[in-house]
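Here's the structure, in structure tokens; my notes come after.
The values are calculated or read from the model by the stated rules, or taken from the named source; none is laboratory data. Remember, predicted model here, so these are calculated numbers, not experimental data. Positions of Cβ are backbone-derived with ideal geometry, glycine not excepted, and every protein chain shown enters the neighbour counts. Each accessible area value is taken on the protein alone, full model and side chains, heavy atoms only, with ligands, DNA and RNA left out. Shrake-Rupley method; radii C 1.70, N 1.55, O 1.52, S 1.80 Å.
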Amino acid sequence: MTGEPEIAERALEILDSAVARIDGRARAGQRQMVEAVAESLDSGQHLLIQAGTGTGKSLGYLAPVLAHLTEHPDRRIVIATATLALQAQLAKADIPAAVEAASKVSGRTPRHAILKGRSNYACLLRARDGGTGDQTALFSAADLSATIPPKEAPSELGAEVLALREWVEEQAEVAGLADRDDAPSHTQRGWAQVSVPVRECLGAQRCPYGEECFVERSREQARQSQLVVTNHALLAINAMHGGTALPEHDQLIIDEAHELTSRITSAASAELSPTLIERVGRRVDSYLDDDLAADLIDTGEALRSALDQARPGRVLNDNEAVPIAAGQVRDLARQAMTAMSKEKDPDPERRQAAAAVAEVYDIAERIAAVADADVVWVTDSERFGRDVRVAPLSVAGLLRSKVLSEHTTVLTSATLKLGDSYTAMAGSVGLAADERGERPGDGLWRGIDVGSPFDYSRQGILYTATDLPAPSREGISPASLAEVAELVWAAGGRTLGLFASQRSAEAAAVHVRKQLPDFSILCQGDAHLGELTSRFAAEPQTSLFGTLSLWQGIDVPGDTCQLVIIEKLPFPRPDDPLMQARQQAVSENGGNGFMSVAATHAALLLAQGAGRLIRRVSDRGVVAVLDPRLVTARYGSFLRSSMPPMWSTRDRETVINALRRLAAASKQAA
């Protein structure tokens with residue numbers, strides 16, 4: 001090791017103390033991770049570090065981060081996670097343990113704070129005054145304060161909103177943050193009555209409650225802290241808006257980094273619908289002359305007409321009907337913005353309505369331009385009808401110029417090596433392959449794999465059902481349905497079924513329930529997903545079938561999940577306009593668009609899906625892939641090398657017998 005070895009040594013001491021505090025066990029990979037992160041923070045070289053499930057990667061980066069901050073108290077490090085769930089875990093468990101350990105080892109206690117997006121905090125203006133003129137605000141503060149809960153509350157939603165507003169006042173009195181995660185039980189609709197969209201916030205200087213603002217309070221806490229934990233979405237907003245969302249920082253840790261590009265893409269995407277335009281038009285009607293407000297509303301109808309004539313799919317030219325209609329929306333929204341800005345000191349509702357118009361303007365302008373850097377497409381859904389969407393063709397340039405060029409960055413996940421290489425992941429976040437040195441310090445970045453404490457070749461079997469037909473667009477085949485039922489029977493339930501579509505998941509659930517009436521089969525959509533996963537975890541002989549949201553994040557160790565069925569290789573849909581555009585861009589630049597985009601996407605999800613099986617050292621089971629292309633296709637080896645290194649077989653009887661033995665052992669142990 002080079003640089004400041006005393007920091008690395010202190011980081012290992014912090015790790016040992018933290019692990020002892022939580023009654024954990026020392027792991028070789030975790031210690032290797034501590035040393036690698038410490039070196040990266042010291043040298044300034046970006047690091048991609050794959051840390052397999054069970055490594056304990058949170059403490060693996062927290063220990064060197066805190067060692068670095070105790071040595072350099074004038075510095076600040078930001079940790080960005082993909083999910084609020086991991087953010088909460090860090091805040092409530094891992095950081096307190098690591099900070100206490102750092103204090104014990106160094107005698108110094110780094111300050112830390114959690115920072116979330118604006119909509120995760122309550123808005124005092126909305127809670128106290130009914131907030132905005134938006135027609136979705138069902139109850140004014142006066143309406144609710146005039147009722148006495150629970151008997152006289154205007155409705156179940158009204159009682160919920162009243163409880164939230166009382167809680168908001170309690171938070172204001174104690175100088176709290178009114179964080180949604182700490183709020184009384186509520187629905188999305190209820191929370192919308194006490195929070196405000198980002199664009200509609202008046203800002204602390206203009207809001208009558210600016211001095212008490214929870215968002216400003218959270219940001220001030222972050223500015224007073226050395227360690228700030230946020231999420232990928234806020235990191236994206238910070239990059240896109242000139243560094244205004246996060247406090248200045250020196251270094252950055254990106255956890256769950258395999259999700260970074262998709263989260264950044266989502267944050268940089270937008271959609272425009274006739275309904276949105278008409279709603280905003282009605283909202284600003286009282287602030288504009290009748291003709292201008294009516295004209296703005298009419299542009300929504302013009303967009304609807306253009307969408308009805310268009311085919312779902314990508315829009316390539318700005319002279320097509322949809323971007324022309326978006327241009328009309330843009331022009332009228334600009335006129336409305338100008339008219340609404342003439343009043344020197346508009347009231348809060350007027351300012352928020354103007355912000356809503358400005359958002360429509362920004363989206364319409366992007367769609368009308370059909371710029372090379374964007375992908376514009378028309379989409380159709382049964383629930384919401386037809387609209388037009390826009391997303392960045394790539395986020396690599398944004399990450400490179402606004403994140404990597406400004407901060408030493410450590411990216412970590414259980415899944416960073418795809419096809420046994422870091423090249424695909426590095427390229428997606430803005431690091432070029434030719435910038436990598438063979439030895440630490442020789443290049444702009446390096447990638448390392450600290451392994452996993454699991455012995456995958458002994459703990460898991462990868463079964464590929466090569467006797468089944470290749471999947472088709474017609475949905476799951478009868479042969480595959482029969483295979484699913486036989487595998488679930490052999491496993492005695494205990495199955496997580498990952499399907500390519502909701503239709504296939506539901507078809508499999510219906511079939512297995514019919515074939516195995518004594519088995520409990522849950523299917524995504526039967527109830528709230530959290531309720532379904534809780535039941536799956538609590539009832540060992542229950543199976544859970546679902547789609548994309550189950551491929552990542554679900555963590556069910558033990559006997560309740562001894563079989564993971566992957567119905568179909570998770571390639572993006574062939575009619576996905578954004579993925580199509582990205583593949584085409586790679587091909588036009590001389591690369592292999594299919595391998596760089598579609599196969600890489602599939603490899604990432606396969607690795608994540610297969611990773612649902614082994615969650616602790618005592619877990620045993622089978623990953624059954626019902627798509628023979630994993631073995632027969634030329635790209636199969638690339639996909640397999642991205643998955644955990646389990647023992648592989650194509651023999652059904654071997655797998656059936658293994659599952660029956662596992663099920664029998666689990667029943668006996670119970």
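Test of understanding: what is the full-extension gain from D347 to A85, defined as 0.36 nm times their sequence separation minus their Cα-Cα distance?
Values: separation 262, 0.36 × 262 = 94.32 nm, distance 3.75 nm.
Full-extension gain reported as 90.6 nm.
When the solvent-accessible area of segment 216-353 is split by element, carbon and sulfur atoms take up 44 percent of it, the probe being 1.4 Å. In this simple spin-label model, placing a label point 7 Å from the Cα along the Cα-to-Cβ direction at both E406 and A538 gives a separation of 4.6 nm. One Cα centroid belongs to segment 573-597, the other to segment 165-210; the line between them spans 42 Å.
In a DSSP loop and with at most 16 other Cβ atoms within 10 Å, the chymotrypsin sites (Phe, Trp or Tyr not before Pro) in segment 323-408 are F384. Note on D455 and E382: the extension gain reaches 21.7 nm, defined as 0.36 nm multiplied by sequence separation minus the Cα-Cα distance. Nonpolar atom fraction for segment 572-670, defined as the carbon and sulfur part of the 1.4 Å probe accessible area, stands at 48 percent.
Write down the accessible area per residue of segment 537-670 in Å², having rolled a 1.4 Å probe over the full set of protein chains. Kindly include the intermediate steps, with their values, before the conclusion.
Values: 5840 Å² over 134 residues.
Spelled out: the 1.4 Å probe surface of segment 537-670, per residue, equals 44 Å².
A Förster distance of 41 Å, applied to the separation of the beta-carbon atoms of S266 and K667, puts the FRET efficiency at 0.40. The calculated FRET efficiency for the pair S305 and R334, based on their C-beta separation and a Förster distance of 35 Å, comes to about 0.95. Sort segment 1-116 into rounded, prolate or oblate with this rule: let a ≥ b ≥ c be the square roots of the eigenvalues of the Cα gyration tensor; rounded if a/c is under 1.5, and if a/c is not under 1.5, prolate when a/b is larger than b/c, oblate otherwise. Cα axes put segment 1-116 in the rounded bin.
Since only P478, V655, P110 are under comparison, the one whose Cα sits farthest along the positive direction of the charge dipole of the chain, derived from C-beta charges on Lys, Arg, Asp and Glu, is V655.
For D374, the residues whose amide H sits under 5 Å from its own are L393, ignoring neighbours fewer than 5 places away on the same chain, with H placed 1.01 Å from N. Estimated at 0.36 nm per residue, the fully extended path between R111 and N592 surpasses their Cα-Cα distance by 168.5 nm.
Hey, what did segment 13-69 get for relative contact order, percent, Cα under 8 Å, at least 6 apart? Before the final figure, lay out the partial values.
Numbers: 42 pairs, mean separation 25.7, N = 57.
Normalised by residue count, the contact order of segment 13-69 is 45 percent.
Taking a ≥ b ≥ c as the square roots of the eigenvalues of the Cα gyration tensor, segment 563-633 is prolate, since a/c reaches 1.5 or more and a/b is larger than b/c.
How about segment 156-265: which GluC sites (Glu not before Pro) there are in a DSSP loop, with at most 10 other Cβ atoms within 10 Å of their Cβ? Walk me through the numbers before you get to the answer.
Working: sites: E156, E160, E166, E169, E170, E173, E200, E211, E212, E216, E220, E248, E256, E259; in loops: E248, E256.
Listed in order of number, the matching sites are E248.
Label sites at H72 and A433, each approximated as a point 7 angstrom past Cα along Cα to Cβ, lie 3.2 nm apart. Candidates A178, V510, L399 compared by Cα position along the dipole of the chain: farthest toward the positive end lies V510, with charges placed on Cβ.
Could you pull out the GluC sites (Glu not before Pro) across segment 384-478 that fall in loop regions by DSSP (anything but H, G, I, E, B) with no more than 15 other Cβ atoms inside 10 Å? The partial results should precede the final answer.
On the way: sites: E406, E435, E438, E474; in loops: E406, E438, E474.
Filter output for segment 384-478: E406, E438, E474.
Farthest toward the positive end of the dipole of the chain, out of C201, S618, P247, is the Cα of S618, where the dipole comes from beta carbon charges about the Cα centre.
Relative contact order of the chain: what whole-number percent is it, with Cα pairs under 8 angstrom and at least 6 residues apart? Relative contact order here is 15 percent. The residues of segment 276-417 expose on average 48 square angstrom of accessible surface per residue, using a 1.4 Å probe on protein heavy atoms. State which stretch of the chain is the longest one without any exposed trypsin sites (Lys or Arg not before Pro), exposure meaning a DSSP loop state and at most 16 other Cβ atoms within 10 Å. Free of exposed loop sites, the longest segment is 474-615. When DSSP beta bridges are restricted to pairs lying wholly in the chain, around 25% turn out antiparallel.
Around the Cα centre of the chain, unit charges on the Cβ atoms of Lys, Arg, Asp and Glu (plus for the first two, minus for the last two) sum to a dipole of about 1880 debye. Helix content alone sets the calculated 222 nm mean residue ellipticity of the chain: runs of n ≥ 4 DSSP H residues at -39500 (n - 2.57) each, divided across all residues, give -13500 deg cm²/dmol. Surface composition of segment 502-542: carbon plus sulfur atoms hold 51% of the accessible area, using a 1.4 angstrom probe and ignoring ligands, DNA and RNA.
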